[in-house]
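The values are calculated or read from the model by the stated rules, or taken from the named source; none is laboratory data. The model shown is predicted, which means the values in this text are computed figures rather than measured ones. Cβ placement follows ideal geometry from the backbone for every residue including glycine, while neighbour counts extend to all protein chains displayed. Surface accessibility is based on the protein's heavy atoms, side chains included, excluding ligands, DNA and RNA. Shrake-Rupley method; radii C 1.70, N 1.55, O 1.52, S 1.80 Å.
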Amino acid sequence: MAQNKKKNILKHKRKVFDFFSYLRNDKKLKYNRVLPLNEYLNDRWKKAKYLQWGNGSNCYDSAYIFGDVQVGENTFVGPFCILDGGGGLKIGKFCSIAAGVQIYTHHSVKWANSGGKESLQYAPVVIEDYCYIGPNSVISMGVTIGKGAIVGACSFVNKNVPPYTKVAGCPARIISTNIGENMKDINPLMRGGGV
């Protein structure tokens, strides 16, 4: 009896591994990607739809979403992001939020320093249309990133970023301004290119 039970378990285990192998091979052939198991079992576009984000937006399964996060159409949220909407977070259309980006709309500094006597602090974050937020960047509460802005990788953004401006660094500083006087210069979809 125990031998039959062990054979049954091994049989089911093989089926699970075969199914995983099928999903992995399918993704590799279609997109040349090899991902963690959870990404094969979830659909990025369905997750965004579930979150009631704009049409065509998508969000990796490994992204953490807290509170009120509003996202426009055709926006990409990469793997391992943290989107804290506790104080309100709005991200526009055709934005790219790269892997590992952390966006915070609250902090607990006063709460921690006061031994819990002070409240958590909240302020909304707004990322306007056509923005690119580079990998592993951190955006602090209360910040607005203007239309068409670019945030370089590993930046800490704690001040507003004007439209069509490139910032980078820790803390982020302006690198260049007036990038793309019109959207055709900074958005390949506007000039007929693809994603």
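Table for the structure above
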| item | result |
| --- | --- |
| DSSP beta bridges in the chain [antiparallel fraction, %, rounded to 5] | 15 |
| Antiparallel content of DSSP bridges confined to segment 32-147, in %, to 5 | 10 |
| Probe 1.4 Å, accessible area per residue of the chain, Å² | 62 |
| Rg and Dmax of segment 2-58, Cα atoms only, in Å | 16.4, 53 |
| Calculated over segment 12-96: convex hull of Cα atoms, volume per residue (Å³) | 99 |
| Rg to Rh, two decimals, where segment 55-120 supplies the alpha carbon set and Rh follows Kirkwood | 1.10 |
| Accessible surface of the chain, 1.4 Å probe, proportion on carbon and sulfur as whole % | 54 |
| Residue-span extension gain [residue 33 to residue 14] - 0.36 nm each, minus C-alpha spacing | 4.5 nm |
| Degrees separating the helix 2-31 axis from the principal Cα axis of the chain, which is the longest one | 40 |
| Cα→Cβ-extended label distance, 7 Å offset, between residue 153 and residue 136, nm | 0.8 |
| Entries in 90/147; 28/49; 46/166; 11/46; 110/147; 46/93 that, when Cα-Cα distance is taken, lie over 21 Å | 28/49; 46/166; 11/46; 110/147 |
| Choice from 39, 73, 118 showing the highest fluctuation, given a GNM over the chain with Cα pairs closer than 10 Å | 118 |
| Mean Cβ neighbour count within 10 Å, used as a protection proxy, ranking 149-158, 101-110, 12-21 highest first | 149-158, 101-110, 12-21 |
| Approximate spin-label separation residue 45-residue 121, in nm, with each point projected 7 Å along Cα-to-Cβ | 4.2 |
| Debye equation applied to the C-alpha atoms of the chain, log10 I(q)/I(0) at 0.07, 0.12 Å⁻¹ | -0.28, -0.67 |
